[in-house]
Every structure is written in C-alpha cells, then in structure tokens.
Amino acid sequence: MSLPFQLAALAVLCSLPLFAADPASPPAAPPPLPPTSTIYVSQDATSLTQLEENTAVSRRMVDRVVRAATGQNDTARAWRSLVAPTDHVGIKISAVGGRYFASHHGIVEAILEGLEQAGIPRNRVIVWDREAEELQSAGYTPAKGGYQLLSIPPARGFDRSAQFSAPILGKLIWGDLLFAEKQGKLGKNPEPADQLSSSSYLATVLSKQVNKVINVPVLSDEAGCGVAGAIYNMTVPNLDNWRRFVQTDSDAASSLLDVYADERVGGKVVLTIMDGLLAQYASGPHFNPNYAFPNHTIYASKDALALDANAFRLIETWRKQSKLPSIASRAEWLQMGEQMGLGHFAENKIILQNVDPQ
C-alpha cells in the first residue's frame, strides 16, 4: 500500500462518522454542562492494611459516596434512583493491575449489594473486563460472588455492527476482529501494510448485553494517554485494535473522547466510582510497587471527565514530588472533553466534597 494511497484513505476517514449509526437517528447534541461538577470523596486510613483491603470499610465508603452522588439519605433509594429492576446492569472493572491494583472486591461487592436492594439480583449483573487471565489474577473467578463474570473473547467478543473509525492506522494482531479475515484473504504472508486498519469494534458485552453501567476504574497513569482512569476504562479495554489510541508518539488518545461520547459507551454509564484505595503515578496501569502507595480514597461522580481531571492533577503532584517528568503533554486530550460537552476539566469548575462523618 503506497503512502499516497494511505493518506488519501485517511482523508476519507476524517469525514466519516466515528461509530456506525442509523442515518434516520442522528446523534443528539450533548445537553449543556452544569456550571460545576461535584466529585464525592470518602477517605479512611483503615481501608487498606499492608495493601490488603478491609472490605467492611470499603463497602461503607461506597455506600457514602453513592448516597451523596444521588442526593439520597438511604442506600437502597440511592441505587433505585440510578437503575430499575428491568435494567441489564454491568460493572466495568479494571483487572489489569492484578491482585493488588485491580478494582477492589469490597467496592464491587458494595455495588452488587446496592443493586440487589434496587431489585436487581446479582445473578443478573455482569462484571467484566477484557482479559480472562487478568480477571483470574485479580481474584475474580466465576465461582465467586454469584454474578456473571465475563471477559471479551478474542475476535468473536466484538460486535461487527458497532464499528469505530478514527484517522489513525493501527496494526491488527491476533484477537482483533478483522485479523483472521485479512489473514484468510491475503494468505499466510501478507505485507505489513495489509494488516493496518483504521477501524475498531466495540465489545458485544457493552454494545448489546448491558444498558446501564457502573464504571469502576482505578487511579493510575498510562504511558500513552497519561491517565488510565474513567474514560480509559470504558473505551480502551472495550475495543479491538486499541493500541493505536495509546501510542506515546501521537495525539490519538483524543479519539477516546469520541468513543466515550457515543450513547453505547458513555451514554450507558450512570455512575463512576474511582477506586483510589491504592494509587499509582508511574508505570501504570500494570501494578508497579515502586510507584504505588495506599491512598485510602474512593471518588464518585456522574462526570467521568471531572474524575479524570482530578486524577491527572493528583498524578502530576505525586510525580513532581518524586522528581518524575510531567504527563501534561500526554493528557492534553482530556482538556478537549470539556469543549465537547462531556464534562468539566477546569479545576475551578470541579468541587471536591468530602462525605465522611465529621
């Protein structure tokens, strides 16, 4: 494939819609942003002991932030304001950090208990992340918890009808939806350019199996896009051909905002609960004990961008204290989210509200 041909193809792609959609139903403009966004914060120094979670404590912390985020005094009513018994609810966790730096089990259990109080039995709730091996390493197994635990099967776990196009090419590898098809068409020795694609496909679990999502990211940096937080957790692990979005030498991460803006992604998220019991400011989102420390904090908000903006500023502070370089250039894409109407990035528009008993 010649360079002029690739450039011409990219010019065409720039004019295409990001996710395939029904032409009779154009996407609605995002509603106007409120003047400010609130992040509800719960801190408890007893939530971790030697990196081990005190689940009784973390469950209470979740209950507090959920009540505050919904304006309810009762946990059951709080969850009922977010979901209905007829909903198909998913909990999107982050398992890549393994035993210590995955979404903590007590947080997930508190969510499951809240959903049960809202009339959704746990055997109808899907808990998922991309890799089965990572889920197992993080202690999430089908026999535990009573919920449906799902990973995203390579290739067949992606929805052909939920295609995302972005003006940057990614190299297809085994596990991507189109990889096997291109191998079959091209033979055993295709040229490297023939395995490049501008398309990604959304995981079927997100596009078709759930209509409401509780997003539970960890508080982590990421080498390519700066912050592996709320928006990252709903996009990168739920797409094939995802590596192009987190390249360190490009600004492709801004396309993650377009993915999150789709109704089938961010439109399904009713609440984001960021697990900051343990925080990591370098080498994330895989666990690296050299840069991770007990932060003993849970953050919740209906504004995913505000959560990521707060995480970015915290990571910047911790990196400066450790004499590590800034991630500002890698996280510039987050600022664009405010212009798109996804939420607030500006610090003076984000309120941090402590919800712990005084």
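Values computed for the structure shown
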quantity: Test: residue in the range 208-225 that is under 22 Å from Leu324 (Cα atoms), part of a helix (DSSP H, G or I) and modelled with pLDDT under 95; calculated: no
quantity: Verdict on Ile315 being at negative phi, part of a helix (DSSP H, G or I), touching a residue at least 40 places away in the same chain (Cβ under 8 Å) and surrounded by 21 or more Cβ atoms within 10 Å (Cβ to Cβ); calculated: yes
quantity: Count of residues meeting criterion [over 15 Å from Ser37 (Cβ atoms), not in a loop (DSSP other than H, G, I, E, B) and not charged (D, E, K, R)] in the range 318-338; calculated: 4
quantity: Residue count, the range 58-100 (criterion: crowded, with 19+ Cβ neighbours inside 10 Å, among the small types (Gly, Ala, Ser) and touching a Gly at 6+ places or on another chain (Cβ under 8 Å)); calculated: 3
quantity: Enumerated helices (runs of 4 or more DSSP H) restricted to the range 22-137, each holding at least 1 residues that are out of contact with any helix residue (DSSP H, G or I) (no Cβ under 9 Å at 6 or more places or on another chain), within 30 Å of Ala346 (Cβ to Cβ) and not charged (D, E, K, R); calculated: 55-70, 98-101
quantity: Cβ pairs under 8 Å, 6+ apart, first in the range 258-278 and within 16 Å of Leu307 (Cα to Cα), second modelled with pLDDT under 95 and in a strand (DSSP E or B); calculated: none
quantity: Pair list, Cβ under 7 Å, 6 or more apart: the range 145-162 residue closer than 15 Å to Val89 by Cα and free of Cβ contacts under 8 Å to residues at least 24 places away in the same chain, other residue part of a loop (DSSP other than H, G, I, E, B) and of a type outside the set (Val, Ile, Thr); calculated: Leu149/Tyr140; Leu149/Pro142
quantity: Close pairs (9 angstrom Cβ cut-off, 6 or more residues apart or separate chains): closer than 17 Å to Ile93 by Cβ in the range 285-311, among the charged types (D, E, K, R) and part of a strand (DSSP E or B) anywhere; calculated: Pro285/Asp221; Pro285/Glu222; Ile298/Asp275; Tyr299/Asp275; Ala311/Asp221
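The values are calculated or read from the model by the stated rules, or taken from the named source; none is laboratory data. Bear in mind the structure is a predicted one, so any value in this text is a computation, not a measurement. Because the Cβ atoms are built from the backbone with ideal geometry, glycine has one as well, and the counts that use them run over all protein chains shown.
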